[in-house]
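**Student:** The structure is given below, and queries will be raised subsequently.
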Amino acid sequence: MSGVAAPAPAFTRLGTGVSAARKMKDRAFTVGLWVCGGLAMLPLLFIATYVIERGLKALSINFFLKTPGIPGQPGGGIAEAFVGTAIIVGIMAVIAVPLGLLTAVYLSEYGRGWFASTVRFVAEILLSTPSIVAGAFIWAVVVVRLGAFSGFAAALALCVLVWPIITRATEEVLRLVPQELREGALALGVPRWKVILRVVIPTAGAGIFTAIMLAMARGLGETAPVLLTALGNSFMTTNAFGPMDSLSLRVYVDAQSSYALDNVTAWAGAFCLLIIVLGLSIGARVIAARQLRRTR
Amino acid sequence: MNAVEVSGLNAWFGDHHVLKDVHMEAQSETVTAMIGPSGCGKSTLIRCLNRMHEEVRGARVTGKVLFNGTDVYAPDTDPVEVRRRIGMVFQRPNPFPTMSVMENAVAGLKLGSRLSKSELRQRGERALRRAGLWEEVKDRLDQPGGRLSGGQQQRLCVARALAVEPEVLLMDEPASALDPSSTLRIEELVEELKDSVTVIIVTHNMQQAARIADWTMFMLNGEVVEADSTEKIFTTPADQRTEDYVTGRFG
């Protein structure tokens, strides 16, 4: 080889040398990808507009303040479903959030060997368990034993579904915390549990918060396990150990009703569910983004 | 007197035998530098001194590390206590992202002891002054530590380590991620610190070792080839391999 570099014909051909066929292919695939992206958004847009259009009509003060009342008569509401959902999801959160977080901390910070892999595997399986199976399980071990349908049993069924969600999502974000931060804190002579509590968890804070919010949203929308465990109730009740109503249950029942008025109420309920779930998801993202900005 | 004395130290990562029968000592209130090519075990050795080595999965150690006469690896020795008295600064600055500059400086005290707010603040200021950072950050103590420049972050990490008042400070290539002027600041800092603490520093930069260290040890393939006064190592080393390395013939 001579010392002088040969001219680089490859570069001078850039832009001019690409064949027409390749340009066509490029264009076809680009368009194809845009279309697929658009298609993916279509169902959500369709559902949202449909539910909003139908649901908004049925919203009134009574809808939020009254209970169903006499079937077929106007003026009823679904106040008991809001209260029921709040209580059921509240109990679920109180149980599932600490359990989920502790499991995640175990898996990410302490878990080694076969036991940790088993726990992770079981969480994975639970994650893909059909929700009605969780409902049936709690029906068999709680409802049958206690001899009563109850909001509490529904909360337990939701825990079975939501616990692995919180665990896996939190474990992922805990693993994202750089090892260097843990070592930095350990090297200061800080005990391991304090390193986890005061350095690792706060660093992953936004991600953990998002995981919890999304899990709440999931629990909120479940119907089948609640149907099998809380049964439903058209009267206002705050007794978590008796039959309870929930938003999703009310939508299910009203949608099947033979009264047109109930069907309208179902749409309104669906609208409320959609808004709450959307609010949780968006709220989680906003708070996560805000915390990220604060630390950068 | 020797602050640290290592004898018969072996270390592994899984099956990989990284340190082979290492002996070393570091005199009180001096600077000892560890030099050697990449992968020779310098970082592993320094991490064995405050029991950070065992934090890596599959890592194992045998042998003795005496710190002021007591064995760091004795069964009844608490690694938390060891690390409080033997501080460490890492290769990459690692301030805690959720904490402010001041909170970072006192993190070890805050999480490791019960001190009043004013006491914490005082100790934090003292540590930041010792690390030569106070003048630069005194007006933004409440800002996140991650917003400082790389060099400032590293000095914040030095301050954080000093706040706990360790007797020995381990530095694992503390300047390798920094620009030349920040490197100079770290070197000046080491010079100042050796009046009050024993410094053991790993470095890839031989000029740096020559500038700041009283004692230098040369490592190769997990063994200590030669340890002597820095002058001796860099001018009349006893071992041919040391001479080849410090004159730049390999590594």
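Laboratory data are not the source of any read-out in this text; all were calculated from the coordinates shown. No experiment lies behind these values; they were computed from the predicted model shown. So basically every Cβ, Gly included, is an ideal-geometry build from the backbone, and we count neighbours across all protein chains shown.
**Student:** Past the 28 Å Cα-Cα mark, which pairs from B:LYS117/B:LYS138; B:LYS42/B:LYS110; B:LYS42/B:LYS232? Write out the running numbers ahead of the final one.
**Tutor:** On the way: B:LYS117/B:LYS138 17 Å; B:LYS42/B:LYS110 31 Å; B:LYS42/B:LYS232 20 Å.
Beyond 28 Å: B:LYS42/B:LYS110.
**Student:** Residue by residue, what Karplus-based ³J(HN,Hα) values in Hz, rounded to whole numbers, does segment A:88-95 have, using 6.51, -1.76 and 1.60 with θ = phi - 60° and x for Gly and Pro?
**Tutor:** 5, 5, x, 4, 4, 5, 4, 8
**Student:** Going by how many other Cβ atoms sit within 10 Å of their own, how do B:TYR245, A:TYR106 line up, fewest first?
**Tutor:** A:TYR106, B:TYR245
**Student:** Mind grabbing the base-10 log of I(q)/I(0) for chain B at q = 0.09, 0.10, 0.17 Å⁻¹? Debye formula, identical points on the C-alpha positions, no solvent, two decimal places.
**Tutor:** -0.39, -0.48, -1.30
**Student:** Roughly how big is chain A's charge dipole about its Cα centre, with Cβ charges of +1 (Lys, Arg) and -1 (Asp, Glu), in debye to the nearest 20?
**Tutor:** Rounded to the nearest 20 debye, it is 1140 debye.
**Student:** Still on this structure: Assign one of three labels to chain A, namely rounded, prolate or oblate, based on the Cα gyration tensor with a ≥ b ≥ c the square roots of its eigenvalues; rounded applies when a/c is under 1.5, prolate when it is not and a/b is larger than b/c, and oblate otherwise.
**Tutor:** oblate
**Student:** Distance in nm between label sites at B:SER116 and A:LYS194, each 7 Å beyond Cα in the beta-carbon direction?
**Tutor:** Going by the 7 Å Cα→Cβ label model, 2.0 nm.
**Student:** Tell me the label-point distance for the pair A:ASN62, B:ASP239, using the 7 Å Cα-to-Cβ offset, in nm and rounded to one decimal.
**Tutor:** 9.3 nm
**Student:** Could you work out, residue by residue across B:89-102, how many beta carbons of other chains sit within 10 Å of that residue's beta carbon, and then give the average as an integer?
**Tutor:** 4
**Student:** List the residues, sorted by chain then number, that are 5 or more residues from B:ASN205 or on another chain and whose placed amide H is less than 5 Å from its amide H.
**Tutor:** So B:ASN205 has HN proximity to no qualifying residue.
**Student:** Restricting to Cα pairs below 8 Å that are 6+ residues apart, what does the relative contact order work out to for segment B:88-142? Please round to a whole percent.
**Tutor:** Values: 25 pairs, mean separation 22.1, N = 55.
In percent, rounded to a whole number, it is 40.
**Student:** Same structure again: Which FRET efficiency value, to the nearest 0.05, is calculated for B:ASP76 and A:ALA40 with the Förster distance at 51 angstrom and r the Cβ-Cβ distance?
**Tutor:** Computed FRET efficiency for B:ASP76 and A:ALA40 comes out at 0.25.
**Student:** Same structure again: What is the spread of the Cα atoms of segment A:143-296 along each of their three principal axes, largest first, in whole Å?
**Tutor:** Each principal axis gives a Cα extent; for segment A:143-296 these are 67, 38, 22 Å.
**Student:** Which ³J(HN,Hα) values in Hz, rounded to whole numbers, follow from the phi angles of segment A:138-153 under the Karplus curve 6.51 cos²θ - 1.76 cosθ + 1.60, where θ = phi - 60° and Gly and Pro get x?
**Tutor:** 5, 4, 5, 8, 10, 4, 5, 5, 6, x, 7, 5, 7, x, 4, 4
**Student:** Okay, next question. I'd like the distance separating the alpha-carbon centroids of segment A:265-286 and segment A:40-85, in whole Å.
**Tutor:** Here the two parts' Cα centres lie 11 Å apart.
**Student:** Please state the shape class of segment A:57-139: rounded when a/c is under 1.5, otherwise prolate if a/b exceeds b/c and oblate if not, all from the C-alpha gyration tensor. Before the final figure, lay out each step's value.
**Tutor:** Working: a/c = 4.49, a/b = 2.83, b/c = 1.58.
In terms of gyration-tensor shape, prolate.
**Student:** Among A:ALA136, A:ALA93, A:THR167, pick out the residue whose Cα is farthest towards the positive end of the charge dipole of the protein assembly as shown, where Lys and Arg carry +1 and Asp and Glu carry -1 on C-beta, about the Cα centre.
**Tutor:** A:ALA136
**Student:** Another one. Per Stokes-Einstein, at 37 °C and 0.692 mPa s, what whole-number D in µm² s⁻¹ belongs to the protein assembly as shown, with the Kirkwood radius over Cα pairs as the hydrodynamic radius?
**Tutor:** So the translational diffusion coefficient is about 116 µm²/s.
**Student:** Continuing with the same structure: Could you give the length gained by full extension between A:ILE275 and A:LEU261, i.e. 0.36 nm per residue of separation minus their alpha carbon distance, to one decimal place?
**Tutor:** Stretched fully, the A:ILE275-A:LEU261 segment lengthens by 2.9 nm.
**Student:** Separate question: Please compute, for peptide B:106-112, the average count of beta-carbon atoms on other protein chains lying within 10 Å of each residue's beta-carbon. Spell out each step's value before the answer.
**Tutor:** On the way: counts 0, 6, 6, 3, 4, 10, 6.
That works out to 5 on average.
**Student:** Over the residues of segment B:176-251, compute the C-alpha Rg and express it relative to 2.2 N^0.38 Å.
**Tutor:** So segment B:176-251 has a normalised radius of gyration of 1.14.
**Student:** Which of the three applies to segment B:50-111, rounded, prolate or oblate, going by the alpha-carbon gyration tensor with a ≥ b ≥ c and a/c under 1.5 meaning rounded? Can you show the working numbers first?
**Tutor:** Working: a/c = 2.71, a/b = 1.79, b/c = 1.51.
Prolate shape, in that a/c is at least 1.5 and a/b is the bigger ratio.
**Student:** List the residues, sorted by chain then number, that are 5 or more residues from B:MET219 or on another chain and whose placed amide H is less than 5 Å from its amide H.
**Tutor:** B:ILE35, B:GLY36, B:VAL225
**Student:** For the protein assembly as shown, what does -39500 (n - 2.57) per DSSP helix run (n ≥ 4), summed and divided by total residues, give at 222 nm, in deg cm²/dmol to the nearest 500?
**Tutor:** My calculation for the protein assembly as shown gives -17000 deg cm²/dmol from helical runs alone.
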